[in-house]
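Report on one structure; see the data block that follows.
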Amino acid sequence: MTWQVHRLVPSVVEGAPDADTATWIRAMMAAFLGPRPGPEEIATMAASYAGQRLRGVYETADTSPVATLRSWDTAMTVPGGEVAADAISSIGVRATHRRRGLLRALLVDDLAEAVRAGTPVAALTSTQGSLYERFGFGLAAWTRSLTLDTRAARFRDAGPTGRLRTLDPAGFASVAGPIQDRARRRHPGSMDRSAASWHALITGGDHDSSPRSAIAWADATGRPAGYVVYGVAESWWGTGSATLAVHDLQATTPESYRELWRHLGSLDLVGEVGWANASVDEPLPWLLTDHRAVSPGGPRDMLWLRVLDVPAALGARRYPVTDRIVLRVHDPDRHAAGDWALDTTDPVTPTVAATSDTPDVEMDAAALGSLYLGGVDPRVLARAGRLSEHSPGAAGRLARLFAAPGVPWNGIRF
């Protein structure tokens, strides 16, 4: 049976999606073992995909794709700035068609289009971390879970300060959007939210229909500076003590961060508050008189990056020291391959250019993706055999160059 990759442009007319988009959505949900969506849910999902790119692998005479991929353009924070990124999601293969190269066909097609569009990097999150390194993606950011025991939590500051208000779902994105845009600048790897992401955050999206609450905090001047979205993970009916799940928390100031957690920790009938996708450097324990009121989980992989245009990607970020170093990058797909001289003599406008000079370090495209945000020490990769030094101390020089002002984090699993 022959197959081809087809591209779709999702559309909704008078509340109804086109037939191809509806079929694509059903196939994607089936690949992820989700429930069969009804017409209303399909229309909502199709509307949230406006402006995005859908791809499917289709066999001859089969109107339903046997593999799916969705992507869209976004902005991602990098040290000292931001870079345009191709966000990739909804990669699924029909259970009867695994191990046939369909995933590769979809990714190759999507990345080639991103290259033609001049997009410097691609990004994805994955439930199966071993899948994407062979396509040039490197693990670049981690997340961890946090659990707050509200019965043991005592905040050091008497507080509270500022003002809290409940956000209506209809106007949630208009208030939360500017907050998230400011807050994401603090963490390399944080991304702008798409319309689909905002919708899923406040409603639960395709897999969670339980009610959610959204609270915004404003300072003494009335300016919103933070928000939190949470829901009930376990009711208080059985034990007398509910467990809350934080779905997103964004704060632009230390005060807003503290007061949002104070709110979560003071709710009646709540014994624990859990956050599955917190940063690995959350300051919450330091706000309390007893650190043991917070139970952190171990780090988990979150964001995978693929460098597509080395000069554009490295030129988009800033570097804390001045140096000139030559990187040799291997890439079977040729997007990032070459010898590249990174020169940070001008701290405002670093230059990156192809060179014939002898390389100082050598690595593959996946290792470069891991280094890009500053969350991985090149010296560790060198010890693991993932990076080779061709001049003494080159890995240490690279570590100083790529050091980031904040821990990489992206709290949006997509």
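The values are calculated or read from the model by the stated rules, or taken from the named source; none is laboratory data. Quick caveat: nothing in here was measured; it's all calculated off a predicted structure. Positions of Cβ are backbone-derived with ideal geometry, glycine not excepted, and every protein chain shown enters the neighbour counts. When the accessible area is computed, the model is the full protein with side chains, heavy atoms only, and any ligands, DNA or RNA have been set aside. Shrake-Rupley method; radii C 1.70, N 1.55, O 1.52, S 1.80 Å.
Before moving on, here are some points about what is shown:
- Taking every DSSP beta bridge that has both ends in segment 252-391, the antiparallel portion is near 75%.
- Inverting the pair-averaged 1/r between distinct Cα atoms of segment 1-95 gives 14.2 Å as its Kirkwood hydrodynamic radius.
- Remark: accessible surface ordering of Glu272, Glu259 (largest first) is Glu272, Glu259, probe radius 1.4 Å.
- Residue (of Ala61, Ala19, Ile42) at the positive-pole extreme of segment 1-107, dipole from beta-carbon charges: Ala61
- Centre separation in Å (Cα based) which lies between segment 365-402 and segment 119-142: 17
- In sequence order, segment 217-225 has phi-based couplings of 10, 10, 7, 5, 7, x, 7, x, 10 Hz under the Karplus curve 6.51 cos²θ - 1.76 cosθ + 1.60, θ = phi - 60°, and Gly or Pro positions carry x.
- Within the shell defined by Cβ-Cβ distances under 10 Å, the residues around Ala276 carry a net charge of +3, with Lys and Arg each +1 and Asp and Glu each -1.
- Accessible surface for segment 341-407, divided over its residues, is 44 Å² per residue with a 1.4 Å probe.
- Size of electric dipole in segment 169-302: Cβ of Lys, Arg +1 and of Asp, Glu -1, about Cα centre, debye, nearest 20: 320
- Accessible surface ranking that places the most exposed of Phe414, Phe32, Phe137 first, with a 1.4 angstrom probe: Phe32, Phe414, Phe137
- Calculated from backbone phi, Karplus (6.51, -1.76, 1.60) coupling profile of segment 408-414 in Hz, x at Gly/Pro: x, 7, 9, x, 9, 7, 10
- Binned Cα-Cα distances of segment 303-414, short to long, each 10 Å bin given as a whole percent: 15, 50, 31, 4, 0
- Cα gyration tensor shape of the chain, rounded if a/c is under 1.5, else prolate or oblate by comparing a/b with b/c: oblate
- Simple Cβ-charge dipole of segment 91-231, Lys/Arg +1 and Asp/Glu -1, about Cα centre, in debye nearest 20: 300
- Using the Karplus relation 6.51 cos²θ - 1.76 cosθ + 1.60 with θ = phi - 60°, the per-residue 3J(HN,Hα) values for segment 96-101 come to 7, 10, 6, 6, 10, x Hz, with x marking Gly and Pro.
- Net dipole in debye of the chain [+1 Lys, Arg Cβ; -1 Asp, Glu Cβ; about Cα centre; nearest 20]: 540
- Ligands, DNA and RNA left out, the 1.4 Å accessible surface of the chain is 53% carbon and sulfur atoms.
- For segment 44-189, with +1 on Lys and Arg beta carbons and -1 on Asp and Glu, the positive-most of Ala85, Pro178, Ala153 along the dipole: Ala153
- For the set Ser11, Ser370, the ranking by accessible area, highest first and with no ligand, DNA or RNA atoms included, is Ser11, Ser370 under a 1.4 Å probe.
- Per residue, in Å², the accessible surface of segment 13-169 once ligands and nucleic acids are set aside, probe 1.4 Å: 46
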